[in-house]
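The structure appears below as structure tokens.
The values are calculated or read from the model by the stated rules, or taken from the named source; none is laboratory data. From a predicted model like this one, the values you see are computed outputs, not experimental measurements. Cβ placement follows ideal geometry from the backbone for every residue including glycine, while neighbour counts extend to all protein chains displayed. The area values use the complete protein model at the heavy-atom level, side chains included, leaving out ligands, DNA and RNA. Shrake-Rupley method; radii C 1.70, N 1.55, O 1.52, S 1.80 Å.
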There are 2 protein chains.
Amino acid sequence: MFDLFGCNFDQLENTDYIIEMLEKLVEILDATIISKAFHKFHPQGLSVALIISESHVTIHTWPEDNYVGIDIFTCSKSFDSDKVVAYLKENLIFEKIEMKEILRGQIC
Amino acid sequence: MFDLFGCNFDQLENTDYIIEMLEKLVEILDATIISKAFHKFHPQGLSVALIISESHVTIHTWPEDNYVGIDIFTCSKSFDSDKVVAYLKENLIFEKIEMKEILRGQIC
């Protein structure tokens, strides 16, 4: 899970850009999008959930707080969090990123 | 996040039951489902992502390992994990449950 602080309000409010960014992130993970749900909140905020071949990727934006929360739930053995951080730095404007890696079920 | 071990294969393979169980869980949380994505894997496994008014609820099942991973990402101040555990115990067959509570962004 990745928490991004000091994000750019206008970038976060660009729904098409954020969804496309997340879809490209799935490519970076060498995964495949199987199903998608999203909602644009008013006056601001966006939630996207992508079910992928290896579980899910979600994003929630709080533009008014310049905050973004991204979750990647994956059973891929080749998951590389550094690659994700590098991708986010290239594609999102923010001041600080915090990452937490949580081991789940230990079955995959 | 909730990890359930020793689950029942047949119950996990009942797609309608699992989706309905998750939707009722959202009611227990006093939240509202805004958007839904799901996929039934073959030969087994199910992934569901519900975008709710307060963020998201996801489930991934691995019936072959009798394992289920449930994530609740919420900015609700009234979130009660004991209520969730009680609900899961009533509605899913499993031997062991592990819960992890992770504080995110600290903005809501």
statement: Taking segment A:1-16 and the residues there that are in a helix (DSSP H, G or I) and either small (G, A, S) or out of contact with any Leu (no Cβ under 8 Å at 6 or more places or on another chain) (or both), the one that is least open to solvent (accessible area, probe 1.4 Å) would be A:F9
task: Report whether or not A:L29 is in contact with a helix residue (DSSP H, G or I) (Cβ under 8 Å, 6 or more places away or on another chain) and either aromatic (F, W, Y) or open to solvent by less than 10 Å² (accessible area, probe 1.4 Å) (or both).
output: no
message: Checking the structure you have, find out if any residue of segment A:48-59 is modelled with pLDDT under 95, away from chain B (no Cβ under 13 Å) and part of a loop (DSSP other than H, G, I, E, B).
response: no
task: Within segment B:65-79, track down each residue that is more than 9 Å from chain A (Cβ to nearest Cβ), open to solvent by 30 Å² or more (accessible area, probe 1.4 Å) and not polar (S, T, N, Q).
output: B:K77, B:F79
- prompt: Here are some residues: B:I59, B:I93. Which one is in contact with a helix residue (DSSP H, G or I) (Cβ under 6 Å, 6 or more places away or on another chain), over 21 Å from A:T58 (Cβ atoms) and among the β-branched types (V, I, T)?
  reply: B:I93
field: So B:L88, is it out of contact with any Ser or Thr (no Cβ under 8 Å at 6 or more places or on another chain), within 13 Å of chain A (Cβ to nearest Cβ), part of a helix (DSSP H, G or I) and open to solvent by less than 30 Å² (accessible area, probe 1.4 Å)
entry: no
- request: Would you tally the residues in segment B:40-64 being buried (at least 20 other Cβ atoms within 10 Å of the Cβ) and over 14 Å from the mean Cα position of the chain (by Cα)?
  value: 2
- prompt: Is it the case that A:I97 is over 20 Å from B:M1 (Cβ atoms), open to solvent by 50 Å² or more (accessible area, probe 1.4 Å), more than 10 Å from chain B (Cβ to nearest Cβ) and hydrophobic (A, V, I, L, M, F, W, C)?
  reply: no
- request: Pairs only if they're at least six apart or on different chains, beta carbon under 6 angstrom, first in segment B:21-39 and within 13 Å of chain A (Cβ to nearest Cβ), second among the basic types (K, R); list them, first residue then second.
  value: B:A37/A:K36
field: Residue that is nearest to A:C7 (Cα to Cα) [pool: residues in segment A:17-47 that are assigned to a helix (DSSP H, G or I) and in contact with a strand residue (DSSP E or B) (Cβ under 7 Å, 6 or more places away or on another chain)]
entry: A:I18
